[in-house]
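One structure is given below, encoded as structure tokens.
Every number in this text was worked out from the coordinates using simple rules, so none of it is lab data. Remember, it's a predicted structure, so these values are computed and weren't measured experimentally. Methodologically, a virtual Cβ is constructed for each residue, glycine included, from the backbone with ideal geometry; neighbour enumeration extends over all protein chains shown.
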Amino acid sequence: MIGGERIGRSEDRIRLVSPTFARQRLDTILGETRPFTEDGHFLYPADANGSHASGFFAFEQIARVPAFVGAIADDIAAWIRLGRIEFDVLFAPAQPPVRPLTEAVAERVDRPTAYWEYLPSGRFGDRLVEGSVSKGAKALVFNGVSLQGRCVGLRLPEFVERLGGTTVAAAVFAKGVAATVRETEVRMGSRFYATVQVDVPVYPPSECPACRAGAAPPVSWRTFAERVP
Ligand SMILES: [Zn+2]
């Protein structure tokens with residue numbers, strides 16, 4: 001079971017898990033930006049091999065508000081300082097809404113950023129597109145949302161290793177409830193930060209309950225993430 005406090009209404013599937021983040025501030029962020037839906041049938045990543053999700057949590061709407069990005073960055077910087085996490089580079093996907101948060105954290109802890117290629121479908125590319133990771137560098141891998149845990153738990157650390165560095169910690173604004181999230185929690189312990197944990201189940205297409213119930217085919221996750229507020 002997931003720890004942390006419950007938040008009212010449909011947000012009872014969003015739990016505050018960072019002990020240093022103010023609950024009231026989180027309520028404001030969620031209330032004003034509505035990053036979560038528990039309805040719908042989404043394809044993620046949005047390509048032929050994508051998984052299906054019966055709801056979604058997206059960082060896009062939060063990333064539009066500098067004060068909210070700043071509040072989250074403050075909390076991540078506090079976790080870095082309190083945990084004495086020593087690292088050389090903040091390593092994140094070059095996903096447009098993730099960049100302002102990555103930059104805000106980097107500025108607060110005075111570390112450089114490096115960005116890995118990100119495709120519009122939601123998948124990673126195969127090259128570094130900005131910044132650098134030097135041989136032996138310690139990386140903090142970073143993302144806005146990790147529903148499946150694969151980005152900060154597996155893929156980003158693989159890319160860091162390919163570039164000659166090592167991953168020493170991971171941080172996201174929102175983590176999901178999938179097995180790889182739990183494995184990353186176990187492996188990294190207090191070196192895996194999340195502000196909130198969101199209960200958004202993601203299924204292989206063959207196991208999707210909506211498809212089994214005869215629902216219309218899933219739509220791209222971007223129709224929710226990039227909706228006009
Ligand atoms: Zn489905």
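Worth pointing out:
- The residue list Ala216, Ala170, Ala210, Ala225 contains one member that is within 16 Å of the ligand (Cβ to nearest atom), buried (at least 17 other Cβ atoms within 10 Å of the Cβ) and of a type in the set (Gly, Ala, Ser), which is Ala210.
- Residue check for Glu107: of a type outside the set (A, V, I, L, M, F, W, C), more than 30 Å from Arg13 (Cβ to Cβ) and part of a helix (DSSP H, G or I): yes
- Strands (runs of 3 or more DSSP E) contained entirely in the stretch 38-93, each with at least 1 residues that are more than 16 Å from the ligand (Cβ to nearest atom), crowded, with 20+ Cβ neighbours inside 10 Å and under 14 Å from the mean Cα position of the chain (by Cα): 89-93
- Residues that are over 10 Å from the mean Cα position of the chain (by Cα) and of a type outside the set (A, V, I, L, M, F, W, C) were ranked within the stretch 173-190; the one that is nearest to the ligand (Cβ to nearest atom) is Thr180.
- Conditions (1) free of Cβ contacts under 8 Å to residues at least 40 places away in the same chain; (2) surrounded by 24 or more Cβ atoms within 10 Å (Cβ to Cβ): number failed by Ala178: (2)
- Selection from the stretch 141-180 of residues that are closer than 24 Å to Val200 by Cβ, among the aliphatic types (A, V, I, L, M) and part of a strand (DSSP E or B): Val141, Val145, Ala169, Ala170, Ala171, Val172, Ala174
- When every residue of the stretch 191-201 is checked against the conditions, none turns out to be exposed (fewer than 15 other Cβ atoms within 10 Å of the Cβ), within 16 Å of the ligand (Cβ to nearest atom), among the aliphatic types (A, V, I, L, M) and outside any helix (DSSP H, G or I).
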